[in-house]
Amino acid sequence: MTIIPDELKMIKTTLIQLADGGGIDIIFTTVDTGFLPWDITPEATMSVVDCPVSGIPEALQQASTEKTKRDVIPAAAGICGKILIINPPGKLKVAMEYPKVFLPVMQHALEILRGDAHECARRD
């Protein structure tokens, strides 16, 4: 685990170093409220990704609003090289639900990124 301050350049640099370092497939960050001036993790993430992945934040947001109607915190996700970066909102109560959202598809998503899976349209 790496803990860094809410500083745009430092977040961007750390994400790029982690993505370029190899040996990992996925980076998870936390996001505070998204409305505070210093909470710039989603912006930093989206500035380093090659391809945004909109479905993950949408699914996280849906899971979040099922727990609390007041939780409209922005999430972000994208691909940097062959690394998936996910910024789920950081509220602990809601964060406990996130694995239920992305674990069922995460293995396949990472296999695609690594080039190990090619047949995505088959029926199970």
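A few notes on this one:
- Per-pair calculated FRET efficiency, R0 = 22 Å: GLU7 and MET106 via Cβ, rounded to 0.05: 0.15
- Each of ARG114 and LYS82 was given a label point 7 Å from its Cα along the Cα-to-Cβ line. The distance between the two points is 0.9 nm.
- Taking amide H as placed 1.01 Å from N in the peptide plane, GLY81 has its amide H under 5 Å from the amide H of ASP50, each at least 5 places away in sequence or on another chain.
- In loop segments of the stretch 1-64 as defined by DSSP, the GluC sites (Glu not before Pro) with at most 16 further C-beta atoms inside 10 Å of their C-beta are GLU7.
Any read-out appearing in this document is the output of simple, stated calculations on the displayed coordinates, not a laboratory observation. Only a predicted model underlies this, so the values are computations on that prediction, with no experimental measurement involved. With ideal geometry, Cβ positions are generated from the backbone for all residues, glycine too; neighbour counts draw on all protein chains shown.
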